[in-house]
1. Using alpha carbons only, how many angstrom separate the centre of the range 6-76 from the centre of the range 132-158?
2. Would you work out the charge dipole size for the chain about its Cα centre, treating the Cβ of every Lys and Arg as +1 and the Cβ of every Asp and Glu as -1, and quote it to the nearest 20 debye?
3. Using amide H atoms built 1.01 Å from N in the peptide plane, name the residues 5+ places from S161, or on other chains, whose amide H lies under 5 Å from its own.
4. Each residue of the range 87-103 in turn: what ³J(HN,Hα) in whole Hz from Karplus with 6.51, -1.76, 1.60 and θ = phi - 60°, glycine and Pro shown as x?
5. Can you tell me the relative contact order of the range 238-285? Whole percent, Cα pairs under 8 Å, sequence separation 6 or more.
6. Could you point to the label whose value was computed as log10 I(q)/I(0) by the Debye sum over Cα atoms at q = 0.07, 0.09, 0.13 Å⁻¹ for the structure here, given (i) -0.23, -0.38, -0.84; (ii) -0.35, -0.55, -0.98; (iii) -0.30, -0.50, -1.01?
7. Quick one: which residues, 5+ away or cross-chain, put their amide H under 5 Å from the amide H of G91? H built at 1.01 Å from N.
8. Return the calculated 222 nm mean residue ellipticity for the chain, to the nearest 500 deg cm²/dmol, obtained by summing -39500 (n - 2.57) across DSSP H runs with n ≥ 4 and dividing by the residue count.
Amino acid sequence: RPVFFDDDNTQKDSLAQSRLKKAAENAGFTDVRFQFEPIGAAFAYEKTITKKERVLVADLGGGTTDFTYLILDPQKVGSKDRKNDMIASGGIYIGGDSLDSAFMWDRGTPYFGKNTTYEATPGKILNVPKSLFANICTWDKMNFFNGLKIQKEIEEYYYYSGNDPKFKNLITLIENNLGYSLFRSIEKTKIELSDLPASGFKYSNMDIEIDENISLNQYNDIIEKDVNKIEVYLNQFMETYKINANEIDCLFLTGGTSMVSAVQNLFRTKFPHIPLNSGDNFKSVAKGLAYSGYLFED
């Protein structure tokens, strides 16, 4: 599980874990234990080292960014007494989904009516409220638009905007539940920009046509605010637990979001003299959980 399901609300965090446990039990598991994801990743990394290391693990996934600072030692593999090796853990509710939402707000929503105008009263031209588009910036919140009131509001904007095709796109997006497929295209752009200096934001479905070139610099500008939040939290984490950079022998990054260029640059800039390692970005946590399973034996 993430270190925190919710940044500020321990009740929500407990509720999320209880729901996760219930889901596992419903699937047939009878003995359910929990481990923080970055600790799982750390145990995977421990299998690859030859000497003791003080490691800062950053697990940057879809929903959260989690940190763990701990001591890894290949001589202790299999030892149950690891409590003193786990020094600090923390996390923030920002991940790849946040980057996709930022991209949708900046580059996606203009195709669905943001920045357009309407004229409900003759001679009085107004901007469509940007708040209307907040809930299409995460595909799972698009159910918000299923209410009759909001649907009527969108249809009115479509009419009073002179049947602007962008609002037709919005109606098509909502009525046909295309949010997930749209965000898959956004994710594809993000993935390609992890390796390329430019990529295309392309989406073609039911008369919605998007074909726009995006440079890496443009993408980095879009996600800058979220990357800065990760850095601010990391600074707070190190200050809270009194961790100095000279007390870190290695950085270990895992999770799909760790492959984002701006995220890589954040860690390379902040820790220029510390080796940066990564394992299988999509399997390290699962491998480490398997390796550390003995810790839960009664």
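1. Centre-to-centre (Cα) distance: 36 Å.
2. So the magnitude is around 360 debye.
3. The list, which skips near neighbours in sequence, is E119.
4. Calculated HN-Hα couplings, in order: 8, 7, 9, x, x, 9, 7, 9, x, x, 5, 5, 5, 5, 5, 4, 5 Hz.
5. 49 percent
6. (ii)
7. F67
8. Only helices count here, giving -12500 deg cm²/dmol.
Just so you know, all these numbers are worked out from the coordinates, no wet-lab data involved. The shown structure was predicted, so the numbers you read here are calculated from the model rather than taken from an experiment. Neighbour counts are summed over all protein chains in view; Cβ atoms, including those assigned to glycine, are modelled from backbone coordinates with ideal geometry.
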